[in-house]
Amino acid sequence: MKIVLLHTVRSVMEPFIARMRAALPDCTFYNMLDEYLAMNATEEGCFTSRNKGRLYALLREAAATGADLIVSSCSTLSPHLAAMRPLFDIPIVTVDDEMARAAAEMGEHTVAVLATAQSAIGPVRDKILVNAETMGRHPEVREIFVPGAIDALNGGDRETHDRLLLEAARPLRGKQEVIVLAQASMAHVDRAIADLCGCPVLTSPASCVRQTCALVEQLRQRAQA
């Protein structure tokens, strides 16, 4: 089984690859990194038509490898990948699919979404609300953008990144049913935030790996049928 992993943040790439390889040791992984897509979306404040064209070209390159599956580790790309799924014959998994479903299931009344990239908040929020609607729920989704954190992380200052996240999460203590960390780059602070806020904290990498494993098993069973 061949899987292409799409990345836009260098610091996320290696941990994400390690998780996937540990869960699926018998799969072959190809990695594609395009930092421009996430950085430009942050700079522009939106995902431009130029970026959509660039993403489509990236997907064509990924499909040309002969991969059985494409998996993205970037939440900013999620709504655009979902829109492009019908254009490709192979499955495309977005990093926050399963996380959003779990958030809608656990957060019947309140969900908080923390993000260090403004471009990630909308896609994650919308996906949670869509999932919640299918469950007949209408939770209040609180959006919290943490400025400066992603710049610190990209500059190699993980300590500042983590401190800013914890400072932003502190006011949520006792007020949320579940907290969602919108980006994979935030996943390593999940336990610290859970301890601080006293509620479940969801991250995308672990849930994405579980979803990918289930899909790989489905594809293998289909191939054997």
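Couple of notes before you dig in:
- Scan the range 126-159 for residues that are more than 21 Å from residue 192 (Cα to Cα) and either open to solvent by 80 Å² or more (accessible area, probe 1.4 Å) or of a type outside the set (A, V, I, L, M) (or both) and the total you get is 12.
- Considering 134, 94, 110, the condition of being touching a Pro at 6+ places or on another chain (Cβ under 8 Å) and of a type outside the set (A, V, I, L, M, F, W, C) is satisfied by 110 alone.
- Taking the criterion of being of a type outside the set (Asp, Glu), at pLDDT 90 or above and open to solvent by 40 Å² or more (accessible area, probe 1.4 Å), the residues of the range 24-52 that qualify are 25, 28, 30, 31, 33, 36, 49, 50, 52.
- Subset of the range 19-31 [among the hydrophobic types (A, V, I, L, M, F, W, C) and within 16 Å of the chain's Cα centre (by Cα)]: 20
For (1) part of a loop (DSSP other than H, G, I, E, B); (2) at pLDDT below 95; (3) out of contact with any helix residue (DSSP H, G or I) (no Cβ under 8 Å at 6 or more places or on another chain), each residue gets a yes or a no:
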residue: 150; (1), (2), (3): no, yes, no
residue: 160; (1), (2), (3): no, no, no
residue: 174; (1), (2), (3): yes, yes, no
residue: 179; (1), (2), (3): no, no, no
residue: 192; (1), (2), (3): no, no, no
residue: 206; (1), (2), (3): no, yes, no
residue: 216; (1), (2), (3): no, no, yes
residue: 219; (1), (2), (3): no, yes, yes
residue: 222; (1), (2), (3): no, yes, yes
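- Conditions (1) within 12 Å of the chain's Cα centre (by Cα); (2) within 24 Å of residue 216 (Cα to Cα): number failed by residue 121: (2)
- For beta carbons closer than 7 Å, sequence separation of 6+ or different chains, a first residue in the range 175-188 that is more than 12 Å from residue 116 (Cβ to Cβ) and a second that is among the small types (Gly, Ala, Ser) and open to solvent by 30 Å² or more (accessible area, probe 1.4 Å), there are no qualifying pairs.
Condition check ((1) in contact with a helix residue (DSSP H, G or I) (Cβ under 7 Å, 6 or more places away or on another chain); (2) not hydroxyl-bearing (Ser, Thr, Tyr)) across all residues:
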| position | (1), (2) |
| --- | --- |
| 14 | no, yes |
| 23 | yes, yes |
| 36 | no, no |
| 44 | no, yes |
| 53 | no, yes |
| 75 | yes, no |
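The values are calculated or read from the model by the stated rules, or taken from the named source; none is laboratory data. Everything numeric here is computed off the predicted structure, so don't read it as measured data. Note: ideal-geometry Cβ built from the backbone for every residue, glycine included; neighbour counts use all protein chains shown. With ligands, DNA and RNA removed, areas are computed over all heavy atoms of the protein, side chains included. Shrake-Rupley method; radii C 1.70, N 1.55, O 1.52, S 1.80 Å.
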